[in-house]
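One structure below.
The values are calculated or read from the model by the stated rules, or taken from the named source; none is laboratory data. Fair warning: this is a prediction, and the values are worked out from it, not measured in the lab. Cβ sites come from the backbone with ideal geometry, for glycine too, and all protein chains shown count toward neighbours. Heavy atoms of the whole protein, side chains included, go into the accessibility calculation; ligands, DNA and RNA do not. Shrake-Rupley method; radii C 1.70, N 1.55, O 1.52, S 1.80 Å.
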Amino acid sequence: MTGKFITFEGIDGSGKSTQARLLADGLKERGYDVVLTREPGGSPGADEIRRLVLEGDPEKWSAETELLLFTAARRDHLERLIEPAIADGKIVVCDRFADSTRMYQGLSRGDLRAKVDALHELMIGREPDLTLLIDMDPDQGLSRAKGRNGHEERFEDFGPGLQRKMRQGFLALADEYNDRFRIIDGSGSVDDVAAKVAAVVFETLR
Ligand code: ADP
Ligand code: TYD
């Protein structure tokens, strides 16, 4: 059996982590060998970088510095966890990947998309087999995300204007990479959304 690489994308609070976990459980129940992971992080080195980028003042890093940090974290995650698991025939379910960099570093403060793509090509060079975009109204997403009361709030602190720009950006990205993206409406109950996710994934695996 060949491994598969499935990613979840979407704005903050859209339900990616919840759905990634439910999908991983559903796949395991059906007998698949699954690795559930997330970015930034997913390996010890990448988790150290996660703390650097997600905590503190929104102005702490420029978009360019952030791009280097997220890419460094991704490279470590890819080398140590994702690629070995795929080579072993496992299904890797990852909460965010390079599409998040295309959006957050590529769009949030000026247009850095060309630099994001160049660095991705040079240092990462892998796209998911399937990407589930959980699409959601930014106000709903932000109130869900704020409800979590965490300390990793740097990006949420950029505010609702950024979330709106990200939502449109993700929809445009889904169109650009329409061979691997599927858009899922994230506004329903957890179970409704999970059923839609499962339908798309099992169809793809068949
Ligand atoms: P993300 O990983 O996209 O930021 P989460 O999965 O962490 O989103 O969800 C954000 C918050 O919203 C969590 O508190 C979660 O329990 C809640 N949540 C997730 N999905 C739903 C849903 N379909 N309906 C209501 N609340 C949800
Ligand atoms: P995450 O923990 O997925 O946050 P949330 O659960 O709120 O969606 O990701 C944390 C933040 O990191 C999120 O605001 C998006 C940002 N991020 C980037 O800016 N670039 C990236 O490459 C990645 C993977 C995440």
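Within the chain, the proportion of C-alpha pairs whose separation exceeds 20 Å stands at 55%.
Calculated over the stretch 1-97, the projected area of the Cα convex hull averaged across directions stands at 6.4 nm². Only bridges with both residues in the chain count here: give the DSSP antiparallel percent, nearest 5. That works out to approximately 0 percent antiparallel. Overall, the accessible surface of the stretch 101-144 at a probe of 1.4 angstrom is composed of carbon and sulfur to the extent of 54 percent. Relative contact order, whole percent, for the chain stands at 33, derived from Cα pairs under 8 Å and 6 or more residues apart.
Were the residues from Val190 through Asp57 laid out at 0.36 nm apart, the gain over their Cα-Cα distance would be 44.7 nm. Restricting the stretch 62-138 to chymotrypsin sites (Phe, Trp or Tyr not before Pro) that sit in a DSSP loop and have at most 12 other Cβ atoms within 10 Å of their own Cβ leaves nothing. Available extension along the chain between Lys165 and Tyr177 is 2.5 nm, counting 0.36 nm per residue and deducting the alpha carbon span. Among Gly186, Gly15, Gly26, the residue with the largest mean-square fluctuation in a Gaussian network model of the chain, with springs joining Cα atoms closer than 10 Å, is Gly26. Legend: calculated FRET efficiency, Asp88 to Glu29, from the Cβ-Cβ distance at R0 = 30 Å, rounded to 0.05, equals 0.90. Full extension of the chain between Arg144 and Lys115 yields a length gain of 7.3 nm, computed as 0.36 nm times the residue separation minus the alpha carbon distance.
If the limit is 19 Å between Cα atoms, which of Lys4/Lys28; Lys16/Lys196; Lys90/Lys196; Lys28/Lys90 go over it? In this structure, Lys90/Lys196 lie more than 19 Å apart at Cα. Remark: the chain carries 47 Å² of accessible area per residue (probe radius 1.4 Å; ligands, DNA and RNA excluded).
Take each complete run of DSSP H in the chain, measure how far its Cα atoms stretch along the helix's own axis, and keep only those covering 18 Å or more with mean Kyte-Doolittle hydropathy at least 0.5; list them. Helix filter hits for the chain: 190-205. Loop-located GluC sites (Glu not before Pro) in the stretch 1-103 (DSSP state not H, G, I, E or B) with no more than 14 neighbouring Cβ atoms inside 10 Å: Glu55, Glu59. Calculated on the alpha-carbon coordinates, the convex hull of the stretch 42-131 measures out at 92 cubic angstrom per residue.
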